[in-house]
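Chemist: Let me give you the structure first, and then I'll get to my questions.
The values are calculated or read from the model by the stated rules, or taken from the named source; none is laboratory data. What you are looking at is a predicted structure, and each value in this text was computed from that prediction instead of being measured. Neighbour counts are summed over all protein chains in view; Cβ atoms, including those assigned to glycine, are modelled from backbone coordinates with ideal geometry.
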Amino acid sequence: MLDVDAPAPKPKASTAHGTRLPEDWQPPPDLVAWTRAECPAAATDREVEKFRDYWLSTPGARGRKASWTRTWKTWARRCQDDADARQQRQQGYRNQAQVLADMRAQADQITRQQQAANPQGDALRLIAGGQA
């Protein structure tokens, strides 16, 4: 039977305080392969240097991590998300002339489709009193 008067068990104290990133840290080959496949924007020497510089300069407990592999994956995903967002912004921008050109092209396409559907045009409709 459950004793409701018993004190709740204390949560276990964390024994993993984490470690600091080694000065010469490089992602292991399996992590390099993961990065190239999942987050290609982060698969550069420059990004590894940024990661290493950031974490080596982060003081105190914030600079200690339980898993540097997971920390790298989070960093790489964020890098990829940023690269994807940048690309979307660049592709999504269109000035007024581009918008008008697209509208003209759409209007021309609709006109061609209507002409193909009614090759004799509006002249016969007018002659027949509005009935084609």
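Chemist: Inside the stretch 24-69, can you point out the residues that are over 22 Å from ASP81 (Cβ atoms) and touching a Gly at 6+ places or on another chain (Cβ under 7 Å)?
Modeler: ARG64, ALA66
Chemist: Could you check the stretch 41-64 and list, in sequence order, the residues that are part of a loop (DSSP other than H, G, I, E, B) and under 17 Å from ARG77 (Cβ atoms)? It would help to see each step written out before you state the result.
Modeler: Step one: filter the stretch 41-64 for residues part of a loop (DSSP other than H, G, I, E, B), giving 43-44, 58-59.
Within the stretch 41-64, ALA43, THR44 qualify.
A quick yes/no check of all residues on (1) free of Cβ contacts under 8 Å to residues at least 12 places away in the same chain; (2) within 26 Å of HIS17 (Cα to Cα); (3) exposed (fewer than 11 other Cβ atoms within 10 Å of the Cβ):
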| site | (1), (2), (3) |
| --- | --- |
| ARG36 | yes, no, no |
| THR44 | yes, no, no |
| GLU49 | yes, yes, yes |
| SER57 | yes, yes, yes |
| GLY60 | yes, yes, yes |
| GLY63 | no, yes, no |
| TRP68 | no, yes, no |
| TRP72 | no, yes, no |
| ALA76 | no, yes, no |
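Chemist: For the stretch 2-11, check the following and say yes or no: at least one residue is assigned to a loop (DSSP other than H, G, I, E, B), of a type in the set (Gly, Ala, Ser) and modelled with pLDDT under 95. Spell out the reasoning first.
Modeler: Just the residues of the stretch 2-11 that are assigned to a loop (DSSP other than H, G, I, E, B), to begin with: 2-11.
Narrowing the set further to residues that are of a type in the set (Gly, Ala, Ser) leaves 6, 8.
Filter again for modelled with pLDDT under 95, leaving 6, 8.
Looking for residues that are assigned to a loop (DSSP other than H, G, I, E, B), of a type in the set (Gly, Ala, Ser) and modelled with pLDDT under 95, one finds at least one in the stretch 2-11, hence yes.
Chemist: Which condition number does ALA107 fail, the rest of (1) farther than 17 Å from THR35 by Cβ; (2) modelled with pLDDT of 95 or more; (3) surrounded by 10 or more Cβ atoms within 10 Å (Cβ to Cβ); (4) not polar (S, T, N, Q) being met?
Modeler: Every condition holds for ALA107 apart from (2).
Chemist: Another question, if that's okay. For ARG77, are the conditions met, namely being within 19 Å of the chain's Cα centre (by Cα) and of a type in the set (D, E, K, R)? Before the answer, list the steps.
Modeler: Working: within 19 Å of the chain's Cα centre (by Cα): yes; of a type in the set (D, E, K, R): yes.
Yes, satisfied.
Chemist: Moving to a separate point now. Test GLU23 against the stated conditions and say whether it is at pLDDT 95 or above and surrounded by 12 or more Cβ atoms within 10 Å (Cβ to Cβ). If you could, list the steps in order and put the result at the bottom.
Modeler: Working: at pLDDT 95 or above: yes; surrounded by 12 or more Cβ atoms within 10 Å (Cβ to Cβ): no.
So GLU23 does not fit the description; no.
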